[in-house]
Amino acid sequence: PSRSGWRSSRRFVALIALSLSSSLGAAEYHLHLAPESTQVNWTLGDVLHTVHGTFKLNRGEIFFDTDTCQASGEVVVNATSGDSGSSARDGRMHKNVLESWKFPEVVFSPDHVDGKVELTGTSNVKLHGIFKIHGAAHEITVPVRLTVKDDKLDANIKFEVPFVAWGMKDPSTLFLKVDKSVGIEMNSIGRLSAGAH
């Protein structure tokens, strides 16, 4: 072949190789969590019964690499939205425990995935990162169950927040004792797409 034809062929092969590597070798993914498809529930036990409540998600973006297991992004919950159905109890929670007027957001910033994220079907992994609440940052690892179908990812996260050990006020009184940890469960259906941020 002529020199110009050889150069064109080489460019064509290079373009094909680049296209295949980008489509077949994608390792970086973006998970977008929408507030309307996310539920954040909490439970706090006391001597009489278990209190159930909710929080609202402000926003959530998680980026992860299936090769390196590195992660980034933020999941931001509106601390002022805490609601258990009792205005008196919720007023005490916001004023005395969360001080949500001063610390209106709870933020989880992931940095590492422990385990393999399957891009089809269900996988169980652990997500490590920094949990910021009440003006302080805490290192945590939370278990996550993921189910992927097409471009949708269903995530379930359960963990405990030892709020008293983390410096928040114990709401127990002389006559009513409550647990010193609150259980958190988040269920979210997010949109999964290939590509880094």
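The values are calculated or read from the model by the stated rules, or taken from the named source; none is laboratory data. The shown structure was predicted, so the numbers you read here are calculated from the model rather than taken from an experiment. All Cβ positions, glycine included, derive from the backbone under ideal geometry; neighbour counts span all protein chains shown. When the accessible area is computed, the model is the full protein with side chains, heavy atoms only, and any ligands, DNA or RNA have been set aside. Shrake-Rupley method; radii C 1.70, N 1.55, O 1.52, S 1.80 Å.
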(message) For the range 166-181, which positions are in contact (Cβ under 8 Å) with a residue 24 or more places away in the chain, under 18 Å from PHE103 (Cα atoms) and surrounded by fewer than 18 Cβ atoms within 10 Å (Cβ to Cβ)?
(response) TRP166, GLY167, LYS169
(message) If the requirement is being touching a Pro at 6+ places or on another chain (Cβ under 8 Å), within 16 Å of THR43 (Cβ to Cβ), open to solvent by less than 50 Å² (accessible area, probe 1.4 Å) and part of a strand (DSSP E or B), which of these qualifies: ILE157, ILE184?
(response) ILE157
(request) Could you identify the single residue in HIS30, HIS52 that is at pLDDT 90 or above and within 20 Å of GLY183 (Cα to Cα)? (result) HIS52
(request) Determine, yes or no, whether PHE163 is in contact (Cβ under 8 Å) with a residue 12 or more places away in the chain, open to solvent by less than 60 Å² (accessible area, probe 1.4 Å), touching a strand residue (DSSP E or B) at 6+ places or on another chain (Cβ under 8 Å) and assigned to a loop (DSSP other than H, G, I, E, B). (result) yes
(message) Restricting to the range 59-74, name every residue that is β-branched (Val, Ile, Thr) and touching a Phe, Trp or Tyr at 6+ places or on another chain (Cβ under 9 Å).
(response) ILE62, THR66
